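One structure is given here, and the rest of the page talks about it.
The values are calculated or read from the model by the stated rules, or taken from the named source; none is laboratory data. Note that the structure is a prediction, hence the values are computed from the model and not measured. Cβ atoms come from the backbone with ideal geometry, glycine included; neighbour counts cover every protein chain shown. The area values use the complete protein model at the heavy-atom level, side chains included, leaving out ligands, DNA and RNA. Shrake-Rupley method; radii C 1.70, N 1.55, O 1.52, S 1.80 Å.
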Amino acid sequence: HCHLDFDVLSQDIDAVIDALDTDCVHLLGVSQGARLAVRYAAARPGRLQSLIVQGVVLDDYTPEVDDDAPIPLAHYAELVSKGDMETMRREWLAHPMMSSDPLTQAQRFELDAMVARYRGRDLLPAKGRVEQVPATLDALRRLGVPTLIITGEFEGAARRDHAARLCGTLPDAREVILEGCGHLSNISRPDAYNELVRRFLDGLRG
């Protein structure tokens, strides 16, 4: 996995929740954000009313299937370290994870603009710090909050396996396969995605 300071990011989530003047929230995470959300749920279950994740990866789980389109992180990191962000962004946009969703012209423009803002700093090695992978799955077996796992139909095999493992680990989880989209389901099928999340949250109120 590429480097992200999850301790700092978790503290950021704490700060946002505190600023909202509430005890707990519904937490939604996408891709790397889903990886963070799962870690946060394992470490701070009392701060969540529910958990929603899409395109999730679990730190302490090795998929039982080979990824059909591995992400060449070392290659991307080398491009970033050389300052060749143009090549890195072009190759990242061409990767199946970013290109398997059918996008409208407006959605493609939105994606291109998002990737253009990406600086790739998370791909570079952490300085002076070796992060220990937390035992997230063990903690999640005791997580009592309702969880929605969203998986795009065209998502890669390894991430589909991660999602299935998460669903099988959590006591109160369900996975929904969103048809006609892949890793970018929140961009390519926003109406269906938002309705799925809305129905999940409405069901918690009932």
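Out of curiosity, is L178 more than 30 Å from A77 (Cα to Cα) and surrounded by fewer than 17 Cβ atoms within 10 Å (Cβ to Cβ)?
no
So which of V133, V65, V145 is open to solvent by 60 Å² or more (accessible area, probe 1.4 Å), in contact with a helix residue (DSSP H, G or I) (Cβ under 7 Å, 6 or more places away or on another chain) and part of a loop (DSSP other than H, G, I, E, B)?
Result: V65 is the single residue among V133, V65, V145 that is open to solvent by 60 Å² or more (accessible area, probe 1.4 Å), in contact with a helix residue (DSSP H, G or I) (Cβ under 7 Å, 6 or more places away or on another chain) and part of a loop (DSSP other than H, G, I, E, B).
Take the residues of the range 80-106 that are small (G, A, S) and assigned to a helix (DSSP H, G or I): which is nearest to R119 (Cα to Cα)?
Top of the filtered list is S81.
Mind counting the residues in the range 62-110 that are more than 19 Å from G120 (Cα to Cα), of a type in the set (S, T, Y) and over 19 Å from the mean Cα position of the chain (by Cα)?
Number of matching residues: 1.
Is it fair to say T151 is open to solvent by less than 80 Å² (accessible area, probe 1.4 Å), at pLDDT below 95 and among the polar types (S, T, N, Q)?
Criteria not met by T151.
Among helices (runs of 4 or more DSSP H) lying entirely in the range 151-206, which contain 2 or more residues that are among the aromatic types (F, W, Y)?
The qualifying helices (runs of 4 or more DSSP H) are 190-205.
Condition first: part of a loop (DSSP other than H, G, I, E, B) and more than 20 Å from L204 (Cα to Cα). Can you find one or more residues in the range 12-22 that meet it?
The answer is yes; a qualifying residue exists.
If you take the residues of the range 80-114 that are touching a Gly at 6+ places or on another chain (Cβ under 8 Å) and in contact (Cβ under 8 Å) with a residue 40 or more places away in the chain, which of them is nearest to G55 (Cα to Cα)?
Of everything passing the filter in the range 80-114, M97 is nearest to G55 (Cα to Cα).
Name the one entry in L28, L58, L36, L51 that is closer than 25 Å to L184 by Cα, in contact with a Gly (Cβ under 9 Å, 6 or more places away or on another chain), touching a residue at least 40 places away in the same chain (Cβ under 8 Å) and surrounded by 14 or more Cβ atoms within 10 Å (Cβ to Cβ).
None of the other options fit; the residue is L51.
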